[in-house]
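Contents: one structure, followed by commentary.
The values are calculated or read from the model by the stated rules, or taken from the named source; none is laboratory data. Because the structure is predicted, anything quoted here is derived from the model rather than measured. Reconstructed Cβ throughout: ideal geometry from the backbone, glycine too, with neighbour counts over all protein chains shown. Just the protein is used for accessible areas: all its heavy atoms, side chains included, with ligands, DNA and RNA removed. Shrake-Rupley method; radii C 1.70, N 1.55, O 1.52, S 1.80 Å.
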Amino acid sequence: MKKEKLIYEGKAKKVYQTDNPELLIQEFKDDATAFDAKKRGTIRNKGACNNEISARLFGILETKGISTHFVKLLSGREMLVKRLEIIPVEVTIRNVVAGGMAKLLGLEEGKKLKAPVLEYHYKSDALHDPLINEYHIFALELASNKEMKAIARYSFEINHILLKFFDQRDLKLVDFKLEFGRHKDKILLGDEISPDTCRLWDKSTDKKLDKDRFRRDLGDIEEAYQEVLRRVLS
Ligand code: 5GP
């Protein structure tokens, strides 16, 4: 499978066409941005880590009945994926208070929630991905009722599967962000699942092993990504 025209370049990934109109190549970059790209940097080997971590997690989810866009790994930084029409709604699932939820509600980070919280954010860098609810989604025709029901159900199932998977590897899945898209009348999980899109804390020390090390200048960023890769592959 060969890379053809570059059709999208985002903050952390490039997406290329292939000779098959149904398939795309997703290439993971070492570039890191935060706070709507006001903070920029690179994390050595991040692209390769996120490619491998995402591939493994998509593989696990597929075995548990969740359909994803992942087809196969192509190289250290590239995976073959199904072409999606991305739904412009980011789904966040939270198990522990952190980041945006701590700020929004004036809560301390680290409080375990009594039940997982699902949030929707409108996918727009210019608007800083604002929090929206199902009424906005239906009124603005971002997705149908049936699609959102499926997305919510998949998101909670993914949380259930990943909580257990990470727990067995001594990692706390604090929160994470998912993106879904349409592919031939089906809703598939897209994008990536990696320390760029999840908060992962060491179970015994609460050490942050995710992109917050970059966002908050905590150091040992590359090591944190490598540590997550090591545990995910174990
Ligand atoms: P928060 O809303 O607390 O900033 O983020 C919640 C979770 O979703 C975190 O794990 C965060 O990494 C992820 N997340 C939310 N929005 C984005 C985004 O635009 N880019 C990335 N890489 N992760 C995001």
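Return the residue satisfying two criteria in turn: it lies in region 102-123 and is touching a residue at least 24 places away in the same chain (Cβ under 8 Å) and near the ligand (Cβ under 10 Å from one of its atoms), and of such residues it is farthest from V89 (Cα to Cα). Lay out the reasoning, then the answer.
Step one: list which residues in region 102-123 are touching a residue at least 24 places away in the same chain (Cβ under 8 Å), which gives 104, 110, 116-123.
If we keep only those that are near the ligand (Cβ under 10 Å from one of its atoms) too, we end up with 104, 119, 121, 123.
Values: L104: 19, E119: 10, H121: 6, K123: 5 Å.
Step by step, filter region 102-123, then rank; the result is L104.
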Q: Kindly list, by first and then second residue, each pair from a residue in region 81-97 that is on the phi > 0 side of the Ramachandran plot to a residue that is within 12 Å of the ligand (Cβ to nearest atom), limited to pairs with Cβ atoms under 7 Å and residues at least 6 apart or on different chains.
A: none
(Q) Could you tell me how many of the residues in region 171-199 are part of a loop (DSSP other than H, G, I, E, B) and either of a type outside the set (V, I, T) or surrounded by 23 or more Cβ atoms within 10 Å (Cβ to Cβ) (or both)? (A) 9
Q: Run down G10, G65, G59 and say which single residue is surrounded by fewer than 17 Cβ atoms within 10 Å (Cβ to Cβ) and within 12 Å of the ligand (Cβ to nearest atom).
A: G10
Q: Just need a number here: residues in region 166-192 that are closer than 22 Å to L113 by Cβ and more than 10 Å from the ligand (Cβ to nearest atom).
A: 7
(Q) Criterion first (touching a residue at least 60 places away in the same chain (Cβ under 8 Å), assigned to a helix (DSSP H, G or I) and of a type in the set (A, V, I, L, M, F, W, C)) does I60 satisfy it? (A) yes
Q.
Are there helices (runs of 4 or more DSSP H) fully within region 92-170 with at least 1 residues that are more than 27 Å from K207 (Cα to Cα) and of a type in the set (S, T, N, Q)? List them.
A. 145-167
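Tell me the residue from E147, E134, E222, E227 that is of a type in the set (D, E, K, R) and in contact with a helix residue (DSSP H, G or I) (Cβ under 7 Å, 6 or more places away or on another chain), please. Steps first, answer last, please.
Working: E147 fails: in contact with a helix residue (DSSP H, G or I) (Cβ under 7 Å, 6 or more places away or on another chain); E222 fails: in contact with a helix residue (DSSP H, G or I) (Cβ under 7 Å, 6 or more places away or on another chain); E227 fails: in contact with a helix residue (DSSP H, G or I) (Cβ under 7 Å, 6 or more places away or on another chain).
Going through E147, E134, E222, E227 in turn, the sole match is E134.
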Q) Can you pull out the residues in region 90-146 that are open to solvent by less than 80 Å² (accessible area, probe 1.4 Å) and among the acidic types (D, E)? A) E90, E109, E119, D129, E134
Q: For region 200-234, enumerate the residues that are open to solvent by 30 Å² or more (accessible area, probe 1.4 Å) and outside any loop (DSSP other than H, G, I, E, B).
A: K208, R215, I221, E222, E223, Q226, E227, R230, R231, L233
